[in-house]
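Throughout, read-outs are computed from the coordinates displayed, never taken from laboratory work. Keep in mind that this is a model prediction, so the values were computed, not measured. A quick note on method: Cβ atoms are made from the backbone with ideal geometry, for glycine too, and the neighbour counts reach across all protein chains shown.
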Amino acid sequence: MQKLSRHGARRRVRTVWISDVHLGFHAARADHLLEFLRGVECETLYLVGDIVDLWQIRRRPFWPQPHNDVVRAILGKARDGTRVVYVPGNHDQALRGYVNHDFGNIAIRERAVHECANGMRLLVIHGDQFDAAVASSRWLGMLGAHAYGLLLMANVAVNAVRRRCGFPYWSLAAFLKHKVKNAVQYISRFESVVAEAAAREGVHGVVCGHIHRPEITTIGGIVYHNCGDWVESCTALVEQRDGRIELIDWHAEQAGAVPAAAA
């Protein structure tokens, strides 16, 4: 996995996928995403849903300068020649009214099929389309609603204390997802349902978001990729020039440890 130099060296890749940024939400790590975007060059940038959290904005308007800077960075990439494909999610579903419209170099699509340099074809979707097919509605409600928001705010408070004590970032929300039985069952079921849908589409793999859990794994012959998010994990997927897909862990990179996770 390539490491972004702290001295400003740019990561040059073929494709980038990011999802679940939740701009407009207090817990969004727009500052980290901005650093990532400024340090990467790509031919295509996929925004895999929930980039702007319209649910939160309607409840309690919040739009600080870093959130505005992220939007400007994305628009700047489009202006400079990067193809931007926006696949809206459930939190920015109002944009689904503009599906199949292009605004300059920005295309809004309900779903997309991306062909990697090695010929691998990937279905790109947000993932909320499968909520009704996934059991454990209790956890689904937590993911998208007020309780999950409170959990993420608690996550911010916990890490503020950890920073003052000199400890690295740790995700309370991710910890609970791995430990709470309903959450583990939901995640497993979600991954299986998404992989099954990709198989029906006749593609080799799938890229999605929605559940805020970064992952690259193979399920029933389908390579499942999840971008993660920029609220808890601060992760992205990138395609190298030879078609390899890698998971970028921004927290780990900044801490100096760069784990390899590639398809």
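Listed peptides 224-231, 28-35, 93-100 appear in the order 224-231, 28-35, 93-100 once ranked by packing, highest mean of other Cβ atoms within 10 Å at the front. Placing dummy labels 7 Å off each Cα toward the beta-carbon, the span from Asn105 to Arg79 is 1.1 nm.
Relative to the current alpha-carbon distance between Arg164 and Glu196, full extension at 0.36 nm per residue lengthens the span by 7.0 nm. Computing FRET efficiency as 1/(1 + (r/R0)^6) for Thr217 and Arg58, where r is the C-beta to C-beta distance and R0 is 41 Å, gives about 0.70.
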